[in-house]
Amino acid sequence: MNTLIIVADAQRARLFRLAHRAASPDPVELIEIDSIQNAPDGDATPDFPERVAVHAARFARHHVCNPVIVTSPPAVSRGLLLELERQLPQTYILPLARDLSALEPSALLLSLERSLIRPEPGHLPAV
């Protein structure tokens, strides 16, 4: 199975996939696959969580992603998680109520590893 990671705030959602690298000192890396902007004028739109969830669900179904990890501040989490549960009812969705949206992929991976219980250094857990 693959892992999809959604990093969102009120203005943007970034979608990453977890890639496994063979014969490397760093066995996993995050690859950014897409970015979804809220309204370009800076005003939040009520359909933003649904647009993110529909887009993420399409990717998750096509690439057989389970789990889906979601990091977002509490104000964004509720709507986004409800929409993801509606779009992906058979998928394990792991929410982390933290704003990690400004982090680069390597720092994001490190923060996720520290937030989740790791079986070994350099590995995200199988959930």
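How much length would be gained if the chain were fully extended between ALA19 and ARG58, taking 0.36 nm per residue of separation minus their Cα-Cα distance, in nm to one decimal?
Working: separation 39, 0.36 × 39 = 14.04 nm, distance 1.84 nm.
Length gained between ALA19 and ARG58: 12.2 nm.
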Expected sort for 56-64, 30-38 on mean C-beta neighbours within 10 Å, highest first, is 56-64, 30-38
Using the eigenvalues of the Cα gyration tensor, what equivalent ellipsoid semi-axes result for the stretch 1-101 when each is taken as the square root of five times the eigenvalue, whole Å, largest first? 23, 15, 12
Can you pull the one-decimal nm distance between simple spin-label points at GLU85 and ARG98, each 7 Å off the Cα toward Cβ? 2.3 nm
Place +1 on the Cβ of every Lys and Arg and -1 on the Cβ of every Asp and Glu in the stretch 2-115, take the dipole about the Cα centre, and give the residue among ALA8, LEU112, ASN38 whose Cα lies farthest towards its positive end. LEU112
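Here, each number is a calculation from the coordinates, and none is a lab measurement. Fair warning: this is a prediction, and the values are worked out from it, not measured in the lab. Heads up, the Cβs are rebuilt from the backbone with ideal geometry, glycines too, and the neighbour counts pull from every protein chain shown.
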